[in-house]
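Take a look at the structure set out below.
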Amino acid sequence: MKKVALICVLALASVGCASQQDKHVEWQQSSTAELAQTAVSLQSNLWLNMMPMITESGSEPAILLHGSLQLSGVSDLAADMEVEAVTIRQGGQLWNIPAQNLEVRTFSTARWEVVFQSDIELDESKPVDVAVELKQAQASVTLVDNQVKVEKVY
């Protein structure tokens, strides 16, 4: 009986982990979708800051990937719209940037910018796909910007 209970607990635990990892992005989505009766569009700008930097410890700092993701609407974006996460894909690799590592800036009621820095190690010579998960009330959408070139800034 104890063995059966243990097997059931382990099976339920593995199903729970799989469902968390199973959250995937539909990469064929468009960079425009409707949320809260407004068409929202995504335009992604990514770059690596290649400027040499001096740290207090004297060690060479990691090269950070910087992102500026422009969200724009034909009309006002919903004030209670939330950016849940940003996912970056290159080849078979995925990197998730959670909401707590994102900064949202508003330039107007119809134009927002999502910015981030990350130590993601990617091949800057190859383009990436960028997905932004948005949520408003009970509705959610994912905007996908495909084949985004990673620039180098010196």
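Bear in mind these aren't lab numbers, they're just calculated from the coordinates by the rules spelled out. Because the structure is a prediction, the values reported are computed rather than measured. Using ideal geometry, Cβ is built from the backbone for each residue, glycine included, and neighbour counts are taken over all protein chains shown.
Annotations
- Relative contact order of the range 25-153, pairs being alpha-carbon contacts under 8 Å that are 6 or more residues apart, as %: 34 percent
- Relative intensity, log₁₀ I(q)/I(0), of the range 92-152 from a Debye sum that treats every alpha carbon as a point, q = 0.13, 0.17, 0.20 Å⁻¹: -0.44, -0.75, -1.01
- Net charge contributed by nearby residues that have their C-beta within less than 12 Å of GLY67 (K/R +1, D/E -1): -4
- Under a model in which nothing but the beta-carbon of Lys, Arg (+1) and Asp, Glu (-1) is charged, the range 25-153 shows a dipole of about 260 debye around its Cα centre.
- Sites listed here are GluC sites (Glu not before Pro) in the range 29-84 whose DSSP assignment is loop and whose Cβ has at most 10 other Cβ atoms within 10 Å: GLU56.
- Segment ALA62-ALA99, extension gain: residue separation times 0.36 nm, minus the distance between their alpha carbons: 11.1 nm
- Cα-based shape type of the range 25-153, given that a ≥ b ≥ c are square roots of the gyration tensor eigenvalues and the cut on a/c is 1.5: prolate
- Put in line by how crowded their Cβ is, counting other Cβ atoms within 10 Å and starting with the fewest, VAL104, VAL128 read VAL104, VAL128.
- Efficiency of FRET from Cβ geometry, THR106 and ILE54, R₀ 35 Å, rounded to 0.05: 0.55
- Scalar couplings 3J(HN,Hα) for the range 61-70, obtained by applying the Karplus form with A = 6.51, B = -1.76, C = 1.60 to θ = phi - 60°, are x, 5, 7, 9, 7, 10, x, 10, 10, 8 Hz; x denotes Gly and Pro.
- Residue order, fewest to most beta carbons within 10 Å, for LEU122, LEU69: LEU122, LEU69
- Sequence ranges 62-68, 137-143, ranked by mean other-Cβ count within 10 angstrom, highest first: 62-68, 137-143
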